[in-house]
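Please read the structure below before turning to the comments.
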Amino acid sequence: MQHIRSVRALAILVVASAAMGGGALPAFSSPVGSPQDASPVKPGVGTQGSAAGRTDAAAGKDASRVLALSTVADLMVAMREEAFAYASYSFFGKQAEREKLPRAAKLFADTADDELNDHFMREAGLADLVGSDESNLRRAIEGETTEALTSYPEFAEQARRDGDTAAAELFDELARDENDHRKALTAALKAVVSGKGNVPAASAARHETVAAGVPLASSPRTRENLDKAMHGEALAHAAYTLFAQHAKDHGHAKVAALFTGLADIELNEHFAGLARQAGLVGTTANNLRASVAAEHHAYRVMYPKFAERARKAGDVRVAEVFTDAAADETRHARAFEQELRAEKRAG
């Protein structure tokens, strides 16, 4: 879900992304240009700081400088992957609970917490992701509009052509939901800007169980679109969580409640439904193997590459955060490997 667009600053990156390799739907467009493009972009123009600044004060200092476009692009990819890891590990933990494997369940839950409340928040702080309530609402509206009118309808039509009827019906349903979200966010923006009217409440999330299973979609294209959509829903959940905290910190309880409710829907209803279609959750043993592979990629490939690129661009603080994240992912991989060995011995 990442439509590639020109941008002058991260502040105008929108909560819509519909075609970037791995992000799908409500999240943030990446800037134009390849990651190697080092032309500068200043994050946070016209914003009021980041909620993540509470966890990494030094990050806020670095966010005041002009970051290379390559650094901004890498921050966006890293946030997308961390948000997806949080969502995936959350559902892997629930599967471990169903299998009566409390140690594995706790490991997944603790690692998910690291991915969201440490890595994602620190990277969001560097990117100055969170702005004023008004700017956060505008980003969210643009994202919900894109996925309601463009991304999900396109995914649905492609799934229908490929014979994946159930996936097409799910994409259609999500398009309708996102249109409802767009309307609620638009009403909230009007109330915030004018000081008149009411901020609506989000509808209650329908929490979906995602048990171990195989992919239900048969077409490679549908499976790819499911992956994009899951990444996008995970990123929307993470971003809306930060937007909600910002609103709460600034005394806007109803805006906070709206973002919190939408974040709940994005994760426990939308992501969950997509994950079931995609066969994301397997047995705990298979989930541990998948997690080891993901962590290996993060600490061996993604973060070292991002850190080197940021350092060459002069974004030293960002490079340090990427390096710290790689060290954490190394620890996560070892913990998952250790748990997998323990499960094998017990079995």
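A few remarks follow.
- Scanning segment 237-278 for residues that are without any contact (Cβ under 8 Å) to a residue 12 or more places away in the chain and within 19 Å of residue 125 (Cα to Cα) gives a single hit, 248.
- Qualifying residue in segment 335-347 (condition: in a helix (DSSP H, G or I), under 26 Å from residue 228 (Cβ atoms), among the aliphatic types (A, V, I, L, M) and modelled with pLDDT of 95 or more): no
- When residue 101 is tested against (1) at pLDDT 95 or above; (2) out of contact with any Phe, Trp or Tyr (no Cβ under 9 Å at 6 or more places or on another chain); (3) surrounded by fewer than 19 Cβ atoms within 10 Å (Cβ to Cβ), just one condition goes unmet, and that condition is (3).
- Meets criteria (modelled with pLDDT under 95 and more than 26 Å from residue 309 (Cα to Cα)) for residue 48: yes
- When residues of segment 285-315 are limited to those that are out of contact with any Gly (no Cβ under 9 Å at 6 or more places or on another chain), among the small types (Gly, Ala, Ser) and in a helix (DSSP H, G or I), the one nearest to residue 96 (Cα to Cα): 291
- Among the conditions (1) at positive phi; (2) without any contact (Cβ under 8 Å) to a residue 40 or more places away in the chain, the only one that residue 314 does not satisfy is (2).
- Filter pass, residue 282 being closer than 21 Å to residue 105 by Cα, more than 18 Å from the chain's Cα centre (by Cα) and outside any helix (DSSP H, G or I): yes
- Of the residues making up segment 228-243, those that are surrounded by 24 or more Cβ atoms within 10 Å (Cβ to Cβ) and of a type in the set (A, V, I, L, M) are 229, 230, 234, 235, 236, 238, 239.
- A single entry from 319, 326 fulfils the requirement of being free of Cβ contacts under 8 Å to residues at least 40 places away in the same chain, in contact with a Pro (Cβ under 7 Å, 6 or more places away or on another chain) and crowded, with 16+ Cβ neighbours inside 10 Å: 326.
- Residues that are more than 20 Å from the chain's Cα centre (by Cα) number at least 1 in the following helices (runs of 4 or more DSSP H) confined to segment 111-185: 133-146, 152-161.
- Test for residue 233: is it more than 20 Å from residue 132 (Cβ to Cβ), in a helix (DSSP H, G or I) and within 11 Å of the chain's Cα centre (by Cα): yes
- Segment 222-236: number of residues that are closer than 19 Å to residue 157 by Cα, among the charged types (D, E, K, R) and in contact (Cβ under 8 Å) with a residue 24 or more places away in the chain: 3
The values are calculated or read from the model by the stated rules, or taken from the named source; none is laboratory data. Source: prediction; values computed, not measured. Positions of Cβ are backbone-derived with ideal geometry, glycine not excepted, and every protein chain shown enters the neighbour counts.
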